[in-house]
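A.B. asks: Following this message is one structure expressed as C-alpha cells.
The values are calculated or read from the model by the stated rules, or taken from the named source; none is laboratory data. Here the structure is a predicted model, which means the values were calculated and not measured. With ideal geometry, Cβ positions are generated from the backbone for all residues, glycine too; neighbour counts draw on all protein chains shown. SASA here: full protein model, heavy atoms, side chains in, ligands and nucleic acids out. Shrake-Rupley method; radii C 1.70, N 1.55, O 1.52, S 1.80 Å.
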Amino acid sequence: MDSKISKADYDLQKMREIKRLKSVEDKRTGSEVFDRLTLETLYKLAKQGYINLLKGAISTGKEANVFKGVDDQGNLVAVKIYRVSTSDFKKMQYYIQGDPRFKVNTSNKRQMIKTWVMKEFRNLKRAEEAGIPVPHPIIAKNNVLVMEFIGDSQGNPSPLMRETEVANPKKMVNDIVDIVAKLYNDAKIVHGDLSSFNILIREDNPVIIDVSQAVVRDHPLALELLKRDIENLIRDFKKLGINISIDEIKSKIMDVKG
C-alpha cells in the first residue's frame, strides 16, 4: 500500500475515535465518505491543526455528511465531506454555470467538487460579512469544508427548524424574512434552497446553512430561485400558523436598500 495513504489511514483512525457505527446504513455511508481523496485531505487538515478528532456524524445527506470535530485548540468544528461517488454533478453544473466567480471544466468531477466546496465557503463568507447568521467558514480543501459548529456548550448540535417547536412564530418569520432581504441586498446572493430543512435554531434564533448552491444576485437564475425560496418559506410559515403572501415578502426584500 502507498505509504502516504497508509499513514493517512492511521492518522484518520486516530482522529476519528468512532468506536462503532450504529447501523448498516452508517457502515455503507462511511465506506463511501472516506475514500482516498478524503483521507489525504483530512490528513493534511489534521497536520495544519484544523482537525484533531472526528466524533461522529451530525447529519447524513445524499451528497455530503457533516461530522462533529475538534481542532487542535479543543474547539468544536463542523466538518462537511462531499462524496464524489454520489454527488449530483448535473445540479452542480446548473448552479455554477453563470456564476462569474468560478470557471470550471464541468467534465472533471474532482474539479467540480472542489469548486462546489469553495463556492459554499465563499458564500458563507459573503453572508457572514453582511451580518447574516451562518456558520463561520474556517477552511475549504478539495471535498472538505471545515466551519463553525452550531450547537450548545455541551456539544449538542442545534436542531433544524422543521424539528423545533418555535416559541415565537411571528418573530421567527420576521427574522427569516429579514435574513432573505439581507442575503439579497447586502450579501447580494440568493440561497436557492431555503426552507426549514436548511435553517438551524440556536437559542430561538435562525441560522442559515447549506449555501453551496447559492447564486450571486446577477446570476440568470437568481430571481427564479428567490421565488422558489419564498414559496418554500411560505409553506413553512403556514405550519407555524403565520400566513404571508409572496408579494408581502417580496416587498420587504425589494424595499431594503442595498
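A.B. asks: Would you pick out the residues in region 237-250 that are on the phi < 0 side of the Ramachandran plot and either surrounded by 20 or more Cβ atoms within 10 Å (Cβ to Cβ) or not in a helix (DSSP H, G or I) (or both)?
C.D. replies: Applying the first criterion (on the phi < 0 side of the Ramachandran plot) to region 237-250 yields 237-240, 242-250.
Hits for region 237-250 are PHE237, LEU240, ILE242, ASN243, ILE244, SER245, ILE249.
A.B. asks: Only one of these is at positive phi and touching a helix residue (DSSP H, G or I) at 6+ places or on another chain (Cβ under 7 Å): GLY131, GLY155. Name it. First the steps, then the outcome.
C.D. replies: Values: GLY155 fails: touching a helix residue (DSSP H, G or I) at 6+ places or on another chain (Cβ under 7 Å).
Exactly one residue qualifies, and that residue is GLY131.
A.B. asks: Which one is most open to solvent (accessible area, probe 1.4 Å) among residues in region 23-45 that are among the polar types (S, T, N, Q) and at pLDDT 50 or above?
C.D. replies: At the first step, the residues of region 23-45 found to be among the polar types (S, T, N, Q) are 23, 29, 31, 38, 41.
Still in the running and at pLDDT 50 or above: 31, 38, 41.
Working: SER31: 85, THR38: 0, THR41: 2 Å².
Among residues in region 23-45 that are among the polar types (S, T, N, Q) and at pLDDT 50 or above, the one most open to solvent (accessible area, probe 1.4 Å) is SER31.
A.B. asks: Return the residues of region 114-151 that are over 18 Å from TYR50 (Cα atoms) and of a type in the set (Val, Ile, Thr); say none if nothing qualifies.
C.D. replies: Once the filter is applied, which keeps residues that are over 18 Å from TYR50 (Cα atoms) and of a type in the set (Val, Ile, Thr), region 114-151 yields THR115, ILE132, VAL134.
A.B. asks: In this structure, is ILE230 in contact (Cβ under 8 Å) with a residue 24 or more places away in the chain, surrounded by 12 or more Cβ atoms within 10 Å (Cβ to Cβ) and not charged (D, E, K, R)? Can you show your working first?
C.D. replies: Values: in contact (Cβ under 8 Å) with a residue 24 or more places away in the chain: yes; surrounded by 12 or more Cβ atoms within 10 Å (Cβ to Cβ): yes; not charged (D, E, K, R): yes.
Against the criterion (in contact (Cβ under 8 Å) with a residue 24 or more places away in the chain, surrounded by 12 or more Cβ atoms within 10 Å (Cβ to Cβ) and not charged (D, E, K, R)), ILE230 qualifies.
A.B. asks: Same structure again: All but one of (1) in contact with a helix residue (DSSP H, G or I) (Cβ under 7 Å, 6 or more places away or on another chain); (2) without any contact (Cβ under 8 Å) to a residue 12 or more places away in the chain; (3) basic (Lys, Arg) hold for LYS238; state the number of the condition that does not hold.
C.D. replies: (1)
A.B. asks: List the residue pairs whose Cβ atoms are under 6 Å apart, where the first residue sits in region 177-193 and is within 16 Å of GLU128 (Cβ to Cβ), the second is of a type in the set (Asp, Glu) and open to solvent by less than 10 Å² (accessible area, probe 1.4 Å), and the two are 6 or more positions apart or on different chains.
C.D. replies: From region 177-193, the pairs are HIS191/ASP229.
A.B. asks: Can you pull out the residues in region 194-213 that are under 17 Å from VAL177 (Cβ atoms) and either assigned to a loop (DSSP other than H, G, I, E, B) or in contact (Cβ under 8 Å) with a residue 60 or more places away in the chain (or both)?
C.D. replies: Scanning region 194-213 gives LEU194, SER195, ASP204, ASN205, PRO206, VAL207, ILE208.
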